[in-house]
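Bear in mind that the values in this text are calculations on the coordinates, not laboratory data. Being a predicted model, the structure only gives us computed values, none of them experimental. Cβ placement follows ideal geometry from the backbone for every residue including glycine, while neighbour counts extend to all protein chains displayed.
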Amino acid sequence: MRLTFLQKILWGLVGVAALAFVWLLLWADYRADQAAEGEPAFRADFELTDHTGMVRTQEDYAGRWMLVFFGFANCPDVCPTTLAEVAAVMDGLGVDAAQVQPLFITIDPERDTPSVLADFVPRFEAGIVGLTGTPDQIDRTADSFHIFYEKVEEAAAPGGYTMGHSSQLFLFDPEAGYVKAWSYGTPAEEILADLRGRVAG
């Protein structure tokens, strides 16, 4: 009798564990569904001056997807490489490119005035809008996008300094909600395939 009683207890515990396991699986699925249907992690939020001298906010691009990259015009490699990738993506989108607005936000407002950006961004022939502002505006924008940047003294660089910064390319949906970010070096083909599926959908 004692053995049978212990067996019943053990089987009961196994049953409870099995139910707990199933509940955890269902809860994980529920949480995943909620995350998929919930609010984005953050939204694009800025008020800056574009390379034509016009004040712009995220509302100016409502209804369009936004590709956003932070950098600076004197950047020797990461920024021009990424913007060249953006240009390739925009070219690859064909007629769907009208639904996407690429933005280049400087983290070097001291040097990157609207006129400097007006010379820089058109080189990539992708309809990129260059955005700058006061140091305080750039700080607030960087904080809202959760990016890092810093001034690094470098005697050989123009003005005696360069900039260290986050190098991901952000994607925002037509309501300015964060969708995803691609790390530096992601091939244009990969970005294009992802973006084309979203724009077409």
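Observations on the structure shown:
- Nonlocal amide H pairs with Leu131, under 5 Å, H built at 1.01 Å: Phe104, Ile105, Thr106
- Gyration tensor verdict on segment 96-201 (Cα atoms; rounded if a/c is under 1.5, prolate if a/b is larger than b/c, oblate otherwise): prolate
- Karplus 3J(HN,Hα) series, Hz, for segment 164-177 with 6.51 cos²θ - 1.76 cosθ + 1.60 (x for Gly, Pro): x, 7, 5, 10, 7, 9, 8, 10, 10, 7, x, 9, 6, x
- The GluC sites (Glu not before Pro) of segment 170-201 meeting both criteria, a DSSP state outside H, G, I, E and B (loop) and at most 11 other C-beta atoms within 10 angstrom of the site's C-beta, are Glu175.
- Estimated FRET transfer efficiency (Val199, Asp60; beta-carbon r; R0 25 Å; 0.05): 0.85
- Cβ-Cβ distance of Ala181 and Ala155, R₀ of 22 Å, FRET efficiency by 1/(1 + (r/R0)^6): the value works out to about 0.10.
- Whether segment 55-126 is rounded, prolate or oblate, judged on the alpha carbon gyration tensor where a/c under 1.5 counts as rounded: oblate
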